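Below is one structure; the comments refer to it alone.
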Amino acid sequence: MKILFLIFFTFTFSFAHVFAPEYYQKQLEILRNLDIDSSYISDLIFLQNKGDMKRLHARSLITSAQSYYDLIPVIRKVLNDEGVPEELMYLAIVESGLKSASVSSAKAVGIWQFMERTAKSFDLRVDPYIDERKDPFKSSIAAARYLKDLRAEFGKWYLAILAYNCGNAKLRQAIKEAKSDDLSVLLDPDARYLPLETRIFIRKILTIAFLANNDDFVFKNDSYFVNYTKEHNFVRVDVPHSVSLRDLAKLSDLSLSELRKYNPQFRYDFTPPDTKNHIYIPIEKSLIFEKNYDPKKIAKVDTSIPRTQIYIVKKGDSLYSIAKRYKTTVATLRRYNKINKDHLSLKQKLIIPLQKEENKYASISKK
């Protein structure tokens, strides 16, 4: 109990200093970097007096940074190389909490929550074998370029952020109705020029940016969690098509789960067929990989994608009975459906992989 009290006290005390006068210049700099008039800071301070909301944003920042510490320098480096404000990294934290596997209800995917059509327009590959919306390097480059395009269209970074959330057309309509592109006007809660989600979106980004640039807050929560370096800990290496990720992991002295963690873009445990491929590995493993790697000695694997069907759980079903019926394993069902527990819900939908001998007879729906 004493430990919990100390944690709560430290968290609350440090948060109380987020908008302290000594950090006023840093806050103004953040606003300037995003083309926001300095007068808007008074609106933010008023909004941040709502303690519950402040604590929610703070916890989001801490959790994201602690869980994805290695990813922060990747994003910083890309944003720096692309010449966009570093504060745009907090857009990714608000969008996904830096989770590559994040999927929205609208089917937006990855750290930057790209829809498939937008992703492909920025040369991200999305197909049955790979989804580069989950690639932290390539998706960050695409996001930076998308935001630069939006800024070129609307003239200001904060307008690019708003358009990123609500879309170009909706923002243009909002500016037309408001007869202004001033942020305070566009976020007017009574006029509702923009959707509530978009109004909250940019305020979250600014609050988290203020938090991350407050030394009291950072060091009184976890001094290690804000990784300020712009040099990341990964190298990109080219690898053959149609080879097992497990084999590549062994060559790198990594486990399969570690390699997949660094390379979430692969949908399966093998590299796609008939195409150029690459993986990311930690720098400290690069010499080991270089020493062990010989493309002529890596065995090719079957890259055919198993066909599947949907099964609706009925009364009396269990993972074991369903696996037995479809000649698969409980472990396979767990993997395909991301199930950790044994309990199944009535009418729950399960993805069932078909046996290879059944694949050639499975009909392909035109849809």
Task: Residues satisfying the stated conditions in region 240-282, i.e. in contact (Cβ under 8 Å) with a residue 40 or more places away in the chain, among the aliphatic types (A, V, I, L, M) and either open to solvent by 10 Å² or more (accessible area, probe 1.4 Å) or in a loop (DSSP other than H, G, I, E, B) (or both) - done: L251
Task: Residue that is modelled with the highest pLDDT [pool: residues in region 99-141 that are surrounded by fewer than 23 Cβ atoms within 10 Å (Cβ to Cβ) and on the phi > 0 side of the Ramachandran plot] - done: D123
Task: Residue in region 24-35 that is modelled with pLDDT of 90 or more, farther than 20 Å from R199 by Cβ and under 24 Å from the mean Cα position of the chain (by Cα) present - done: yes
Open item on the list: Please count how many residues of region 294-329 are part of a loop (DSSP other than H, G, I, E, B), touching an Asp or Glu at 6+ places or on another chain (Cβ under 8 Å) and closer than 16 Å to L344 by Cβ.
Closed with: 1
Task: Conditions (1) within 26 Å of D35 (Cβ to Cβ); (2) touching a Gly at 6+ places or on another chain (Cβ under 9 Å); (3) in contact (Cβ under 8 Å) with a residue 40 or more places away in the chain: number failed by S139 - done: (3)
Task: Members of region 166-190 found to be at pLDDT 95 or above, open to solvent by 40 Å² or more (accessible area, probe 1.4 Å) and small (G, A, S), listed by number - done: A169
TODO: Answer yes if at least one residue in region 78-97 is open to solvent by 60 Å² or more (accessible area, probe 1.4 Å), among the aliphatic types (A, V, I, L, M) and outside any helix (DSSP H, G or I), and no otherwise.
DONE: no
Open item on the list: Need pairs with beta-carbon distance below 6 Å; first residue farther than 23 Å from Y23 by Cα and modelled with pLDDT of 95 or more and within region 193-213, second of a type in the set (A, V, I, L, M) and surrounded by fewer than 19 Cβ atoms within 10 Å (Cβ to Cβ); sequence gap 6+ or separate chains.
Closed with: Y193/A178
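The values are calculated or read from the model by the stated rules, or taken from the named source; none is laboratory data. Because the structure is predicted, anything quoted here is derived from the model rather than measured. We place every Cβ from the backbone using ideal geometry, glycine too, and count neighbours over all the protein chains shown. Remember, those area values only see protein heavy atoms, side chains included, never the ligands or the DNA or RNA. Shrake-Rupley method; radii C 1.70, N 1.55, O 1.52, S 1.80 Å.
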